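The values are calculated or read from the model by the stated rules, or taken from the named source; none is laboratory data. Remember, it's a predicted structure, so these values are computed and weren't measured experimentally. Glycine also receives a Cβ, built like all others from the backbone with ideal geometry; neighbour counts cover every protein chain displayed. The protein model used for the area step is the full one, side chains on, heavy atoms only, and it has no ligands, DNA or RNA in it. Shrake-Rupley method; radii C 1.70, N 1.55, O 1.52, S 1.80 Å.
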Amino acid sequence: MQARAPLMIEHRLIERMIAIVKRTLSQIEKEKKADPVLIDTAVDFIRTYADRTHHGKEEDILFRDLRNRKLSEEDQRLMNDLIEEHVLGRKTTRNLIEANTRYRNGDAAALPEIISGLRLLTDFYPKHIEKEDKVFFPAARRYFSESEDQAMLDEFWEFDRKMIHNKYISVVETLENH
Ligand SMILES: [Fe+2]
Ligand SMILES: [Fe+2]
């Protein structure tokens, strides 16, 4: 298995969540109200799975290793764009959490912010994923030997193995500090 395989498999699950978010979005627009629990669930998925688990592997392992390679100008530019998009995703998720909390506490004015946050996610993720699957991952593969690619795959598994523990350590820590 190539190192990019688990990343591409994760993309398929992220796409399924984005399809759910799209459906949720049209329902919110039709009914002029949102379900804060559903938004929480979607936001947790984006934060824990898409960002920490998936972007975590891309940034902390794949992009880190690519920094030690002499990338073509085009590949370098694309990697910078992808990193910026991860930052945008994080910012959007933070805003969504904040707007959802306000909405849950009775602030109806937070609804347009929820809508624009969800829309931003549905706009940028599919394009981001397509760029990685079709352009960046194949291009990145050329900078690694077979054994380097396999070493990266091993590191991906190790990263995943730790993820669930890190997630719940942070849950406990957050509650302890309240
Ligand atoms: Fe990415
Ligand atoms: Fe990705």
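Odds and ends about this structure:
- For the chain: accessible area per residue (Å², 1.4 Å): 58
- Region 137-163 and region 16-94: distance between their alpha carbon centers, rounded to Å: 20
- Spin-label zone in region 1-18 - amide nitrogen under 18 Å from a point set 7 Å from the Cα of Asp160 along the C-beta vector: 1-17
- Prolate/oblate/rounded label for region 88-178 (Cα gyration tensor, a/c 1.5): oblate
- Projecting the Cα positions of Thr101, Leu78, Leu111 onto the charge dipole of the chain (unit charges on Cβ atoms of Lys, Arg, Asp and Glu, taken about the Cα centre) puts Leu111 furthest along the positive direction.
- Highest mean packing first, where packing is the average number of other Cβ atoms within 10 Å per residue, the peptides 145-151, 118-124 line up as 118-124, 145-151.
- Taking the protein heavy atoms of region 67-109 in the context of the full set of protein chains, the accessible area attributed to carbon and sulfur is 49 percent at 1.4 Å.
- Sites Asp133 and Glu73, calculated FRET efficiency, Cβ-Cβ separation with R0 25 Å, nearest 0.05: 0.70
- Each 10 Å bin from zero up to the one holding the largest Cα-Cα distance in region 78-127 carries the following percent of pairs: 27, 46, 21, 6, 0.
- With only the Cα atoms considered, region 2-78 has a convex hull volume of 107 Å³ per residue.
- Distance between the modelled labels on Val37 and Ile20, one decimal in nanometres: 1.4 nm (7 Å Cα→Cβ projection).
- Volume per residue of the C-alpha convex hull in the chain, rounded to whole Å³: 116
- Pairs of lysines in the chain (C-alpha under 21 Å apart; 8 or more residues apart or interchain): 18
- Ranking of Arg77, Arg90, Arg16, Arg141 by solvent-accessible surface, largest first: Arg16, Arg77, Arg90, Arg141 (1.4 Å probe, protein heavy atoms only, all chains present).
- Rounded to the nearest 20, the Cβ-based charge dipole of the chain about its Cα centre (Lys and Arg +1, Asp and Glu -1) stands at 480 debye.
- Computed over protein heavy atoms with a 1.4 Å probe, the carbon and sulfur contribution to the accessible area of region 8-63 reaches 57%.
- A helix-only calculation puts the chain at -24500 deg cm²/dmol for mean residue ellipticity at 222 nm, using -39500 (n - 2.57) for each DSSP H run of at least four residues, averaged over all residues.
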